[in-house]
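K.L.:
Handing you a structure now.
Please treat every number below as a calculation from the coordinates, not as lab data. This one's a predicted model, so the numbers in the text were calculated from it and none came from an experiment. Counting neighbours? That spans all protein chains shown, and the Cβs are built from the backbone with ideal geometry, glycine included.
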Amino acid sequence: MSEKLNELALGYAGGIVSALAMLLMGVFGNFGIYSGMANMMQEGHMFFSLTPTGIILGIIEAGIIGFVFGYAIALAYNKFA
């Protein structure tokens with residue numbers, strides 16, 4: 001018998017990791033570290049920018065997207081496992 005994944009737990013974990021990655025990208029981008037990646041994030045995300053408000057909105061956006069993808073992956077895994 002295969003074990004099932006907890007959808008909410010994987011969703012929360014994905015959201016937290018995504019939000020932390022966005023926070024680090026915003027902080028490092030303001031210090032000039034990984035500025036190329038920060039520019040790519042600005043192009044790829046609607047709300048992310050290197051301003052404090054843009055970083056907070058980017059964190060929220062990344063958290064939501066990370067949760068949705070984590071939840072969907074666990075849901076699909078449980079469906080087919």
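K.L.:
Which of the chymotrypsin sites (Phe, Trp or Tyr not before Pro) found in segment 1-76 are loop residues per DSSP with 16 or fewer other Cβ atoms within 10 Å of their Cβ?
P.N.:
When the chymotrypsin sites (Phe, Trp or Tyr not before Pro) of segment 1-76 are filtered for loop state and at most 16 Cβ neighbours within 10 Å, PHE31, TYR34, PHE47 remain.
K.L.:
Fewest first, what order do SER35, SER2, SER18 take by the number of other Cβ atoms within 10 Å?
P.N.:
SER2, SER35, SER18
K.L.:
For each of ILE59, ILE33, count neighbouring Cβ atoms within 10 Å of the residue's Cβ, then give the residues from fewest to most. Could you put the intermediate results ahead of the total?
P.N.:
Working: ILE59 20, ILE33 12.
With the sparsest Cβ surroundings first, the list reads ILE33, ILE59.
K.L.:
Per DSSP H run of n ≥ 4, the term is -39500 (n - 2.57); total these for the chain, divide by its residue number, and report the mean residue ellipticity at 222 nm rounded to 500 deg cm²/dmol.
P.N.:
That comes out to -27000 deg cm²/dmol.
K.L.:
What's the angle, to the nearest 10 degrees (0 to 90), between helix 35-44's Cα axis and the longest principal axis of the chain?
P.N.:
It works out to around 60 degrees.
K.L.:
Classify the chain from the C-alpha gyration tensor, please: rounded if a/c falls under 1.5, else prolate or oblate depending on whether a/b exceeds b/c.
P.N.:
Prolate.
K.L.:
Based only on other Cβ atoms within 10 Å, what is the fewest-to-most ordering of MET37, MET46?
P.N.:
MET46, MET37
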